[in-house]
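Before any comments, here is the structure.
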Amino acid sequence: MAVETLTLGKALNNGLRRALERDPKVLLMGEDIGKLGGVFRITDGLQKDFGDERVIDTPLAESGIVGTAVGLAIRGYRPVCEIQFDGFVYPAFDQIVSQVAKMHYRSRGKVRLPIVIRIPFGGGIGAVEHHSESPEAYFAHTAGLKVVACSNPSDAYTMIQQAIASDDPIVFFEPKRRYWEKGEVDTEAPLSAAHPLHAARVLRPGRDATVLAYGPMVRTALDAATAVADDGRDLEVIDLRTLSPLDLEPVYDSVRRTGRCVIVHEAPSSGGLGAEVAARITEKCFSRLEAPVLRVAGFNTPYPAARMEEEYLPDLDRVLDAVDRTYGW
Amino acid sequence: MAVETLTLGKALNNGLRRALERDPKVLLMGEDIGKLGGVFRITDGLQKDFGDERVIDTPLAESGIVGTAVGLAIRGYRPVCEIQFDGFVYPAFDQIVSQVAKMHYRSRGKVRLPIVIRIPFGGGIGAVEHHSESPEAYFAHTAGLKVVACSNPSDAYTMIQQAIASDDPIVFFEPKRRYWEKGEVDTEAPLSAAHPLHAARVLRPGRDATVLAYGPMVRTALDAATAVADDGRDLEVIDLRTLSPLDLEPVYDSVRRTGRCVIVHEAPSSGGLGAEVAARITEKCFSRLEAPVLRVAGFNTPYPAARMEEEYLPDLDRVLDAVDRTYGW
Amino acid sequence: MAKGDRTKAGGGGTAPPEPEFVQLLTPDGERVAHPDYTVDFTDEEYRGLYRDLVIVRKLDAEATALQRQGELGIWASLLGQEAAQVGSGRALREQDMAFPTYREHGVLYCRGIDPIMPLGLFRGVNQGGWDPNAFKFNMYTIVIGAQTLHATGYAMGITKDGRVGGGDGEAVIAYFGDGASSQGDVNEAFVWASVFNAPIVFFCQNNQYAISEPIERQTRVPLYQRAAGFGFPGLRVDGNDVLASYAVTRAALDAARQGQGPSLIEAYTYRMGAHTTSDDPTRYRIASELDAWQAKDPIKRVRAFLDKQQLADEAFFAEVDAQAQREATHLRERVLSMPNPHPEQLFDNVYPHGSPLLDAERAEFADYLASFEGSAN
Amino acid sequence: MAKGDRTKAGGGGTAPPEPEFVQLLTPDGERVAHPDYTVDFTDEEYRGLYRDLVIVRKLDAEATALQRQGELGIWASLLGQEAAQVGSGRALREQDMAFPTYREHGVLYCRGIDPIMPLGLFRGVNQGGWDPNAFKFNMYTIVIGAQTLHATGYAMGITKDGRVGGGDGEAVIAYFGDGASSQGDVNEAFVWASVFNAPIVFFCQNNQYAISEPIERQTRVPLYQRAAGFGFPGLRVDGNDVLASYAVTRAALDAARQGQGPSLIEAYTYRMGAHTTSDDPTRYRIASELDAWQAKDPIKRVRAFLDKQQLADEAFFAEVDAQAQREATHLRERVLSMPNPHPEQLFDNVYPHGSPLLDAERAEFADYLASFEGSAN
Ligand SMILES: Cc1ncc(C[n+]2csc(CCOP(=O)(O)OP(=O)(O)O)c2C)c(N)n1
Ligand SMILES: Cc1ncc(C[n+]2csc(CCOP(=O)(O)OP(=O)(O)O)c2C)c(N)n1
Ligand SMILES: [Mg+2]
Ligand SMILES: [Mg+2]
């Protein structure tokens, strides 16, 4: 065991370093990831150590980044693309949805595209427009992609390595406002022993109600559980981790016990991931539900100006309010 | 009353013609919409009659089509963009999601973009890849856009005119495999008297279970209702028509009566519109539900080769199977 | 306040003059010289090119017929573009990689690939589904322009692998159409190829149309000129001249493999038929235009050349026709016997590592299908 | 088999020579002649340009200071680019329309717009939110390149409105950066502008960097050359020379308004500061580079020119500084007093025609907020 205390950002940096060390076919590509180390410094020092043939500052065009990654993958490379901010993934949407997602299917398994598309996502950092989006539902609705979100340094470190090692094309969401939060990371635990990439995880067992979250909202959900623990309400908190495919067995187990469920995300509720999770839970746990699965989410507006984001974003109070409401049904 | 029997395609053509006549600011833009009249002939004859300054064959690039439409709208025009096939809207995704959807919001109401983006969607025509997609959930999840789907000639005729007359930016889905189906259209009924654009419609009242559909699946749902009527099962069929914002009051009314609900669409189930509709119904009608809302949808695979599409697409049997299952809960 | 005199900026708006192109064989079958390009084929090789041209046209006609008979869902004919495809296709060296659109049946044939390979896509029994690396020929790409970025990325990989420099280096050819030149992706591919000095040849078949839209809807200057502004050379070739198409492509590929970076070739040609079998070109173009291009037919001129040079006799031409007919018949038979996929196959190969949700969906579907067995339904 | 000789295709890979540009005022403040461009300003106008330059730099510095003090969320400084912005901004005629990025504070100022206007965006109290048509100045656009298509569409609308031709015609200027030149959207804008002969000037401020990436990551030839391949003229101007920037922009806009179609101006300049206040340029560029550009400072040379030509005295310079200080202070005061939005405003203006779902959401939210009233929470 070599347990270090790392920020989530640094954990990702270490994970990327490990991946670059492990496999010479791994490449990092993106805007400003070289000397600058990325606007969030997630690739800090990597170009210096692995060279600009492996850590590549690309021209400024996201479709180009992902489109050339497809070609590099066909050639046998394992590109890891950084999208600078969530709101800038859309120019690459066509390449992701029509090419990255479909290539394995249309080639009847003959072409694998082990591409990881890293996207810092979500709000809470006081940014200007287009820098606080939560586009995960678009990708989770796209068959052929896998989608994951990490929520803490330890997961960040292992999940990024697992994603790069996987032959599935993966959209990898990073909770940007948690980049600076610290946690313990065992940097020597073998990857093979890690919690599987596409598996949810119960972070806090509880008896009374189930709270589901992923990415930045996991901390919020845990805080909510702590806040009500003293009042004698015992919340179970599950980090979904894999958004596509969903891993809901642990969720069903939980909801069958608690009968109450709240799902939290920053993306607008309509058509968000919470809808899918709620629909599935309702189908599988219908007779056990004491109340409908409630969603705490961003409102159905564009992401607002920074000085309104505190109200826009789900917080501890809104989570607790929803939990309360599941009791009043 | 001037009731004509028209195909859905011709009804759209007439509707577009009316819109061009009514307002000189209306422009049609797209690939091959001029002399060819569009690959589905929806714009047949319109360039001839309104000139190539109003019915514009554009260069081959969807981002360019939508992006220049934004500028034309700022200048005071009302562009109607044709995307040739569903699978080719993705290059325009950034312009749609980051510009078209957000401009009114970020300008605090000072910029209106009365843009209609027409998309022939769905499968069932034996096409090659990228020509049978159902991307509506991507747009319905995008705050700032409105999304509608027509299902029959009469609606097609009025809804396209309502959409063009509206100052909201609207993604307008056309069920391509129904283009050739005929129905009665009252071409002289005043638009102001028409069913509102953003309102669902009960197409067939029934007592036993509620079936929801939109676009191409409406016919399938109606066929299912007819098929079981003889067996004494009385299905209520509702055409959602507006996918964002959803108009679910008539649905809640229905489900509160029937206690059973099935929603049908071609798009993959995961993160599809059915998830949102199911989640909302469950929240509003929880105590009245005899069974969870069930979804009949495309499978969570890329759209398959044509010779498997019959199995991929929801059909009458799969709808009835789901209705049956709501009885067995 | 002030006056600005302006001679360099502004201007434009005037129609471009009919541009020059590289030509080595006139429509009448005259061999002409070009200062920069030549070919030096053996008699056998000249006859081989003729054979290629005739066969790819014949196979194409067969596919069109199969579509008309309902055996294919759609077909994108190469009629008129045989020389551009055979010329460029034969110019590829074995180690080179091609990224086609949906129309490069002639290139595919010249790569030595069985022409049945792409027909599953057009019949609707699969979506292509071959291994690009096994054939050094990527799957057909339908989304306009997308493959040019893939090709560029692949070419960047060649450089990373140290496989440029010297005559045995590798190079890539990316096919696209005149319409595609307007897509953002194609222009981004130009940026990347230039910045990374990628060993790639962008081969644009300007067949004058993007479905119904004439080239004037995409550009007001010749397309090959696009390259210079991205920092690499471009040239125009007579795309109906198989010799010139060969010569310029070979030279460009060799330059690329030797580390000289990307280039753009605009093959000036004409789509003699419909865009696809779903299209009706009579709605948007006049017969006389077609007639004018008939006179520049890519096969006729090679036959005239072989005749004049006495490189082939009637027996040869008859033998080629017979071979083409045989291959077409063979193709037809195999198309007709292509098995339909089993419905459950629709769940195959969504993910390399699978998905438990999808496995469950497949199992449910199998149960559902089984529930009909024995029933009249 | 055959040999292909190749002189035109291929090549490339060599670094471009330092390109020529249009210059009318040297870094030392010498007025130089150019065969195609000149300006003919009154003394008052020359002083006016100096005043603009000083004020926009001062306001910019004030905004940077405001950000450092936590009063703005972020700031994108124009430091170093004053001449390109004031020159092009003053070249606009009243009827012209500008589409900026997020950095065109100087252009905005020259349009006569109150510099407070964009500060709500940077403070985070709104997202811009002005009426582009009222100010003939579009909202700032952050998504790189997107506005070039909007500008082109707007310019197409000018043509449709019959507002080209003659001196009172309208024209559009679209601003973008060197990095943006790689985006598909920008190249598609070039295609559209060319095909529709739109009255637009593409004004690229090549400030040598896209955040940390030097221009070599975007192109290996000068950016102005991009235009020719799309069928319209391009030229490079000394972007640190306000006179030349004015002259070439005025000429290009006038050509556009008269129906001569689009053109591209590359203003060769330098971002003297950080990309934004969030950036740390010491990670990716060396001090000596900055020093070299300091010598080409856009303001110093105008001051030297005014001095040499005795167009202004110390009193004038002091008065300008005082005005700049006053405007900066005034700006600061108003930034500090910008009201925060009410939380419920986040539901405003999602749709012109509203949405019942959103109304319900807003009402629920209001109830929710009300539920805290009086509570300690
Ligand atoms: C992104 C995208 N938009 C639209 C289409 C529909 N489409 C298919 S082929 C075609 C025209 C292509 O023209 P060109 O690039 O000249 O190639 P050609 O077919 O003439 O060989 C169009 C518009 C598509 N396949 N992809
Ligand atoms: C589509 C998109 N991708 C990435 C970004 C992040 N970003 C903001 S500014 C910038 C660099 C822009 O460089 P350039 O075009 O040269 O303009 P400059 O900032 O130098 O004025 C980047 C990458 C963005 N805003 N939009
Ligand atoms: Mg073409
Ligand atoms: Mg720049």
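Coordinate-derived values only; no laboratory data. Everything numeric in this text was worked out from a predicted model, so none of it was measured. Every residue, glycine among them, receives a Cβ derived from its backbone with ideal geometry; neighbour counts consider all protein chains shown.
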Next on the checklist: Using only the alpha-carbon atoms, how far is helix A:62-74 inclined from the longest principal axis of chain A? Give it as 0 to 90 degrees, nearest 10.
Outcome noted: 70 degrees
Next on the checklist: If I take every Cα pair under 8 Å that is 6 or more residues apart in chain C, average their sequence separation and divide by the length, what percent do I get for the relative contact order?
Outcome noted: 24 percent
Next on the checklist: Past 32 Å, Cα to Cα: identify those pairs from A:Lys284/B:Lys176; B:Lys25/B:Lys284; A:Lys102/A:Lys284, in the order given.
Outcome noted: A:Lys284/B:Lys176; B:Lys25/B:Lys284
Item to check | MRE, 222 nm, helices only [DSSP H, n ≥ 4, -39500 (n - 2.57), over the protein assembly as shown, to nearest 500] | outcome: -11000 deg cm²/dmol
Checklist entry - Angle, helix A:8-22 long axis vs. longest principal axis of chain A, Cα atoms, 0 to 90°, nearest 10? => result 40 degrees
Checklist outcome for this item: Output for the range D:236-377 (equivalent-ellipsoid semi-axes, sqrt of 5λ from the C-alpha gyration tensor, Å, descending) is 47, 25, 20
Checklist entry - Hey, if you put +1 on the Cβ of every Lys and Arg and -1 on every Asp and Glu Cβ in the protein assembly as shown, which of C:Gly129, A:Val228, B:Leu246 ends up farthest toward the positive end of that dipole? => result C:Gly129
Next on the checklist: To confirm my reading of the symmetry, which residue of chain C has the Cβ nearest the axis that brings C onto D, and what whole-Å distance does it have?
Outcome noted: C:Gly184, 1
Next on the checklist: Using a 7 Å offset from Cα along the direction of the beta-carbon, what are the separations from A:Gly109 to the same position in each other copy, nm, ascending?
Outcome noted: 5.9
Next on the checklist: Which one, C:Arg57, C:Arg332, C:Arg111, has the greatest fluctuation when you compute a Gaussian network model over chain C with C-alpha springs under 10 angstrom?
Outcome noted: C:Arg332
Next on the checklist: Would you report the distance distribution of C-alpha pairs in the range A:201-326 as whole percents per 5 angstrom bin, up to the bin with the largest distance?
Outcome noted: 2, 12, 24, 26, 20, 10, 5, 1, 0
Checklist entry - Could you state the per residue volume, in Å³, of the convex hull enclosing the Cα atoms of the range B:1-157? => result 126 Å³
Next on the checklist: Can you compute the charge dipole magnitude of the protein assembly as shown about its Cα centre, using +1 on each Lys and Arg Cβ and -1 on each Asp and Glu Cβ, nothing else charged? Give it in debye, rounded to the nearest 20.
Outcome noted: 620 debye
Next on the checklist: Assume the label is 7 Å from Cα along Cα to beta carbon: what separations in nm does C:Asp307 have to the matching positions in the other copies?
Outcome noted: 8.3
Item to check | Qualifying GluC sites (Glu not before Pro) for the range C:281-377 [loop in DSSP, other Cβ within 10 Å: at most 15] | outcome: C:Glu373
Item to check | Principal axes of the protein assembly as shown: Cα extent on each, largest first, Å | outcome: 98, 82, 79
Checklist entry - Could you name the lysines in cross-link range of D:Lys308, using Cα to Cα under 19 Å and dropping any fewer than eight places away on the same chain? => result D:Lys296, D:Lys300
Checklist entry - A:Thr226 versus C:His353, label points 7 Å from Cα toward the beta carbon: distance in nm? => result 3.1 nm
Item to check | Distances in nm from B:Pro205 to the matching label points in the other copies, shortest first (labels 7 Å along Cα to Cβ) | outcome: 5.5
Item to check | Amide H contacts under 5 Å for C:Ala267, placed H, 5+ residues apart | outcome: C:Cys204, C:Gln205, C:Asn206, C:Val237
Checklist entry - Quick one: longest stretch of chain B between exposed loop GluC sites (Glu not before Pro), exposed meaning at most 12 other C-beta atoms within 10 Å and loop per DSSP? => result B:189-329
Next on the checklist: I want to verify a result. In a Gaussian network model of chain D, Cα cutoff 10 Å, which of these has the top mean-square fluctuation: D:Gly354, D:Gly273, D:Gly177?
Outcome noted: D:Gly354
Checklist entry - Which value, in Å³ per residue, describes the convex hull spanned by the Cα atoms of the range D:96-172? => result 90 Å³
Checklist outcome for this item: quick shape note, the range D:2-336: Cα extents on principal axes in Å, largest first -> 74, 48, 41
Checklist entry - So which residue, out of C:Arg303, C:Arg250, C:Arg334, gets the largest mean-square fluctuation from a GNM of chain C using Cα contacts under 10 Å as springs? => result C:Arg334
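Using DSSP, restrict attention to beta bridges with both residues in the protein assembly as shown and report what percent are antiparallel, rounded to the nearest 5.
Working: 28 of 138 bridges.
Beta bridges within the protein assembly as shown, antiparallel portion: roughly 20 percent.
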Checklist entry - So which of B:Lys48/D:Lys160; B:Lys146/D:Lys136; B:Lys48/B:Lys182 end up more than 23 Å apart by C-alpha? => result B:Lys146/D:Lys136; B:Lys48/B:Lys182
Next on the checklist: What aspartates and glutamates does C:Lys58 reach when the alpha-carbon gap must be under 19 Å and sequence neighbours fewer than 8 apart in one chain are set aside?
Outcome noted: C:Glu71, C:Glu82, C:Glu104, C:Asp114, C:Asp241, C:Asp297, C:Glu314, C:Glu319, C:Asp321, C:Glu327, C:Glu333
Checklist entry - Helix B:153-165: angle to the longest alpha-carbon principal axis of chain B, degrees 0 to 90, nearest 10? => result 50 degrees
Item to check | Rg in Å to one decimal, and Dmax rounded to a whole Å, for the range C:47-86 via C-alpha atoms | outcome: 11.1, 35
